[in-house]
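Just below is one structure, and these are the notes that go with it.
No lab work stands behind these numbers, since they all come straight from the coordinates. Values in this document were obtained by computation on a predicted structure and should not be read as measured data. Glycine gets a Cβ as well: all are built from the backbone with ideal geometry, and neighbour counts include every protein chain shown.
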Amino acid sequence: MSKIVYDEGDHFCVCTKEAGESSTQVHQAWQVQRKEQASLIYPLDTDISGLCMLAKTAAKRELRNAYGSNLFAFEFALWAYVENVLPEQWDCDLSIAWNAHKHRAFPSKWKGKKAHTQFKVEQRYGHYYRLRATAHYLRPQQIQLHAHYGHLEVLGNTCFSPKDHYVYLSYLKPNFKKSSDEKPLSSGLHIYLQHVRFDFCGQHYHFSSSYPKDWMVLEKYLTRYLQ
């Protein structure tokens, strides 16, 4: 967990949510450590890992207002499989609605709420791309949905794609035989909230988190065999 950045009776903190860890678990762990009541300012989608913010009382109310007014900037890192060559940068303005019965987002011009994501290619390894996605007022499953309709098969995105496109060493290394119990070089949904920026009480805050360890392993092998 990162440091407390605002602590004058009413405070908030930023911590890192691990892959497979729910926002509720992060909330409970923070309460145990701090022994205080707090609320999540922006709960991440269950499958997304990365930075997460919790806050108390007055700070909570102020930050919720800021979050709902586009003053936050969220920057995600993601890995995707792509059949065709991508442009260096593009925007997606696809409006998003929510199906409560299926518990998933869907695109809708008439029922959806405005949503904007900017995608940027950072590195290409054959058909695999490391990208950055930036958004402000996040909708549920926004990054997954916008990526899917931008023809990005995000690794591990089983919600919007029937394929997981995980990378196995046997796919990359010549004469390396795939075994029945071979595990992918990295697993889980490959979307990670790495940077959060916002202004609060006259100060500018910028929080960052390093890549998950298995992502670094993945990039090491992609660099070795596909570049």
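Listing for the model above:
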| read-out | value |
| --- | --- |
| Which label in (1) 20.2; (2) 19.5; (3) 18.8 gives the computed Kirkwood radius over Cα pairs in Å | (3) |
| Euclidean distance between Cα centres, the stretch 144-188 to the stretch 65-125, Å | 20 |
| Degrees between helix 213-226 axis and first principal axis of the chain (Cα, 0 to 90, nearest 10) | 30 |
| Simple Cβ-charge dipole of the chain, Lys/Arg +1 and Asp/Glu -1, about Cα centre, in debye nearest 20 | 300 |
| Positive minus negative residues near Q123 (Lys, Arg vs Asp, Glu; Cβ under 13 Å) | +2 |
| C-alpha long axis of helix 57-67 to longest principal axis of the chain, angle in ° | 50 |
| Between helix 23-34 and the chain: long-axis angle, C-alpha atoms, 0 to 90°, nearest 10 | 50 |
| Shape call, the stretch 60-125: gyration tensor on alpha carbons, a/c limit 1.5 | oblate |
| Relative pair counts by distance (%), Cα atoms of the stretch 127-227, 10 Å bins | 12, 38, 31, 14, 4, 1 |
| Orientation-averaged projected area, Cα convex hull of the stretch 82-176 (nm²) | 7.1 |
| Contact order relative to length of the stretch 4-226, as percent, for alpha carbon pairs under 8 angstrom and 6 or more apart | 20 |
